[in-house]
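Below is one structure, written out as structure tokens; comments come after it.
The values are calculated or read from the model by the stated rules, or taken from the named source; none is laboratory data. Here the structure is a predicted model, which is why all the values come from computation and not from measurement. Accessible surface is based on the protein model in full, side chains and every heavy atom, while ligands, DNA and RNA are left aside. Shrake-Rupley method; radii C 1.70, N 1.55, O 1.52, S 1.80 Å.
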Amino acid sequence: MHNSCRLTQCAAALLLAFSFNASAQTAPRQFDIPAGELKTAIDAYAQQSGIQLVYKVEEVRGLSAGAVKGAMAPEAALALLLKGTSLQIKRDQSDAVVIFRSKSEPVDTGAKNAAAEPESGELQVVTVTAQKRPESAQSVPISMTTMSSRTIERFRISSLQDVSRLTPGLLVSQFSQNSPTVAIRGANNTFSQMGVSKPVAVVIDDVFIPRNSAANFELFDLDSIAVLKGPQGTLFGRNVTGGAIVMTTRKPSLDSRNLESRISLGNYSARHWDGLASVPLGDAAAFKISASLRKRAGIGRDRLTGAPTDDIDSKNVRTQLLLAASPGFEALLSADIGKDDSGGRTLSSVAAGADGDRRTAETGVLQGFERSISGASAKLSWQTGVGELLSISALRKSNSSEDFSGVGANFKFLTAGAQSVTSDRDDVSTFSQEFRYTSPKYARFNFITGLYYLSEDGERALATRGLAAGTGVLGSSTLAEQGVKTRSVAVFVDGVLNITPQLDLALGARYTRDRKIADLVRTDFVVASRSFTAQGLRASWNEVTPRAALTWRPVDNAMAYVSVSKGFTAGGFNTDATTMAALTTPFNPETVKNMELGFKSQWLSNRLRLNASFFNMAYRDKQEFVNNSLTGILSIINASEATIKGAEVELAYKPWPWLNLAFNYGHLDTVYDRFVVGNINYTGNPLASSPKDKASLAADVSLPTAYGHVFGTISHAWTDTYNTGAANDPNLQIPGYALTNLTAGIEALDRRWKLTAWIKNANDTDYILTRSTQVVRAEYLGDPRTYGLTLAYKF
């Protein structure tokens, strides 16, 4: 049998050598394909060689490939990938390379044996598109944290807050359901005004989500998550000064049917169902539909109204149609819709009216949150002999409304001031179009270039009432009807020059032009003289954001890099302004320059991974929301200069095939170098939402037994103390906290079913998401201990 396999491999290699054209096809190309799953490896080969491959998924499922790196002929690279697999190749009439198994070789298409493959002895490598082409995360000179579909499932990653727990440098919190805070390395803002841009991008399937109110959604049916840190303004959309969270969903399969269902039951009457169906439609089309339904009773309540708070009612559906009607062409058409409802947040007073229970609110007003999100996109890809042409068209729409009390106590408990009650509604529509050309990976260089366009139309109605202390008499009532139209165009190019086999130089730049047109009708129903209207306010900004990265690979599976990059977040108008002067004066863009030194490495036959980065980010004109003490007006201003320094370490170790261990750590040292507003001076204060230290430990165990695969995970995440405002007010300080999550379960030998017991926040830590000092001190806590059972089945 051994000799037979050798003969088969030799025959395959000879056939491969004669099958390729002897001209451009055999010219050496630069390859960088990590060891791992064969399907992932040959997909990366197709991208890097520019050669169209045809294969059946069931014939490569469960097979592994060794690493292929360096300059070599495409046929030699493919021979290395297929070595030891008994797979053969031939060319079809369209000149595509067909990978197939000889009819004399058994093909196991049953889910039982294919799924029962033993755990690999190597660490899993995630394929990312951080540089807009499929690459191993370990080969990209960008600091990032990646999560595979296995990690997402095993550690029950269902929200951006879950991602944050295991990611150094990422902090996800929220003031309310409509206003999440997403900070990478301290880069963030807490603005909710219409038309204001965010410095952290959320991207799903290459589509940019511009509003944070539409970005914090249920995470399901995902193939991978990558958190890119530092400015990504060259390749990722717009306004990305802090970083990007890039999510990729699972694509429909042209070759196999996939039916999955998962149901969870937990405390607080929690019910959660996920389902997926992916089916081929002939030889050139496939369809997928996935859905998620989630409900949970309130974990808090308003003791004055009796209404539940922090409950969940979420419904989400995503569909995809994959078309591959001709060789080299692929179309992925996607559509999704989601709806969320809840009774709002539990903002609990720790002063006036407090009852000592941190899970009750004392606002005495009916709160509520509703949101609907929908979208459609078309991703068209043409693989040609001279590279890939890509078109991504996307429509996104979101509507959200939230009613809440900005003050943590009802008016009857107040002795001064007033209780502010807010109704916040927004309606946002976006259209984006990207055209991209990706060259083949030539022996000495490769590059990407493209055009990007975004059109965003947003409307917001912000109504605020002030109820006088003690009496509840209406003391103020205003309505701000905001409208902002944003148009953004950009052209970008990014390339890699292979100076030597060990040394690469990446160079890129993006030119962006943003234009905003703002309208505001502000009505004061109590003091009519304070009403005003402004329409057609216009401003535009443009910026060039370059990047350069020098990468050195002294040995296999190890690289060091030094990079310099620049990010840009557009300016805008403060459409919450209470005076005409504060509205008509736009705030300026902010920019940040990032210098970074890092290394990525894998050791012990890819069982040990050590990555680290050291960075220095210099802000100019950082955007901040402050109360001007001289005018008494809340304004968005530019805080001159700020510096963020830090380091991040990610360590993963797989001592045995059944055990994965991980340790992540991030350190931040942030400071406002100059920040003077009126007669207040925040110079020397740390930046908001930037904990000095953040760390996590995680273990993932999977042991085969005679009865099934016994598995379990444990993760322990610690976040240091930080402040939520630039003033460094001790009343707005978030104390450090640690959270522990656990899972344990059993999976059938054929992997068809799985039963999991899980606990989140096992130590039942009371940790604070945000504090409020509006009239009274109040706090909003994260979820308490939750637990339950999940049954998953693959049909």
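Provide the per residue accessible area, probe 1.4 Å, for the chain, rounded to a whole number of square angstrom.
I get 40 Å² per residue for this part.
Which of the aspartates and glutamates could a cross-linker bridge to Lys90, judged by Cα under 20 Å and excluding same-chain residues fewer than eight apart?
Straight-distance partners of Lys90: Asp43, Glu58, Glu59, Glu75, Glu105, Asp255, Asp283.
Between [x] 13, 37, 36, 14, 1; [y] 17, 42, 29, 11, 0; [z] 15, 49, 29, 6, 0, which matches P(r) over Cα pairs in 20 Å bins from 0, in percent calculated for the structure shown?
Structure-derived value, by its label: [z].
Antiparallel DSSP bridges in the chain: what percent, to the nearest 5?
Approximately 95 percent, going by the DSSP bridge assignments.
By a straight-distance test (C-alpha under 13 Å), which aspartates and glutamates pair with Lys379 as possible cross-link partners, with residues fewer than eight away in the same chain excluded?
Once the sequence-local aspartates and glutamates are set aside, what remains near Lys379 is Asp205, Asp206, Glu330, Glu388, Glu434.
One quarter of the convex hull surface, Cα atoms only: what value does that give for region 469-624 in nm²?
15.4
Probe radius 1.4 Å, ligands and nucleic acids ignored: give me the carbon and sulfur share of the accessible area of region 467-590 as a rounded percent.
Working: 3250 of 5420 Å².
Result for region 467-590: 60 percent of the exposed heavy-atom area is carbon or sulfur.
Rounded, prolate or oblate: which one fits region 675-762, using the alpha carbon gyration tensor with axes a ≥ b ≥ c (rounded when a/c is under 1.5, else prolate when a/b beats b/c, else oblate)?
prolate
Convex hull volume of the Cα atoms in region 504-562, per residue, in Å³?
Each residue corresponds to 147 Å³ of Cα convex hull volume.
Take the alpha carbon gyration tensor of region 176-330, find the square roots of its eigenvalues, order them as a ≥ b ≥ c, and report rounded if a/c is under 1.5; if not, report prolate when a/b exceeds b/c, else oblate.
oblate
Tell me the carbon and sulfur percent of the accessible area for region 641-695, rounded to whole percent, probe radius 1.4 Å.
Details: 1360 of 2360 Å².
Here it works out to 58 percent.
Could you work out Rg/(2.2 N^0.38 Å) for region 353-475, with Rg from alpha carbons only?
Cα-based Rg divided by the globular estimate yields 1.86.
Counting only residues 5 or more places away or on other chains, whose amide H sits under 5 Å from the amide H of Ala270 once H atoms are built in the peptide plane?
Counting only residues 5 or more places away or on other chains, the set is Ala297.
Along region 689-705, what does the Karplus equation 6.51 cos²θ - 1.76 cosθ + 1.60 (θ = phi - 60°) give for ³J(HN,Hα), rounded to whole Hz, x for Gly and Pro?
6, 9, x, 4, 10, 8, 8, 8, 10, 8, 9, 10, 10, 9, 10, x, 10
Measure up Lys198/Lys516; Lys229/Lys593; Lys229/Lys441; Lys229/Lys251 against 22 Å on the Cα-Cα distance and list the ones that go over.
Lys229/Lys441; Lys229/Lys251
List, in order, the whole-Hz ³J(HN,Hα) value for each residue of region 572-579 obtained from phi through the Karplus relation with A = 6.51, B = -1.76, C = 1.60 and θ = phi - 60°; use x for Gly and Pro.
x, 10, 7, 7, 8, 4, 9, 9
Determine ³J(HN,Hα), in whole Hz, for all residues of region 320-332 in sequence, where each value follows from phi through the Karplus function 6.51 cos²θ - 1.76 cosθ + 1.60 and θ = phi - 60°; x replaces Gly and Pro.
Computed from phi, the couplings for region 320-332 are 9, 10, 9, 10, 9, 6, 9, x, x, 10, 9, 10, 10 Hz.
Tally up the carbon and sulfur contribution to the accessible surface of region 309-384 as a whole percent, 1.4 Å probe, everything protein left in place.
Carbon-and-sulfur percentage of accessible area, whole number: 62.
In terms of Cα to Cα distance under 17 Å, which aspartates and glutamates are near enough to Lys315, apart from those fewer than 8 places away along the same chain?
The qualifying aspartates and glutamates are Glu218, Asp221, Asp274, Asp336, Asp340, Asp341, Glu370.
Can you give me the span-like helices of the chain, meaning DSSP H runs with 20 Å or more of Cα extent along the axis and Kyte-Doolittle mean at or above -0.5? Don't skip to the answer; put the middle values down first.
Working: long enough: 2-19 (25 Å, 0.73).
Answer set is 2-19.
Return the whole-Å distance between the Cα centroid of region 222-275 and the Cα centroid of region 766-784.
29
Separation of region 183-209 and region 412-426 by C-alpha centroid, Å?
Value for the Cα centre distance between the two parts: 28 Å.
In the full protein assembly as shown, how much of His716 is accessible to a 1.4 Å probe, in Å² to the nearest 10?
Probe radius 1.4 Å; accessible area of His716 about 80 Å².
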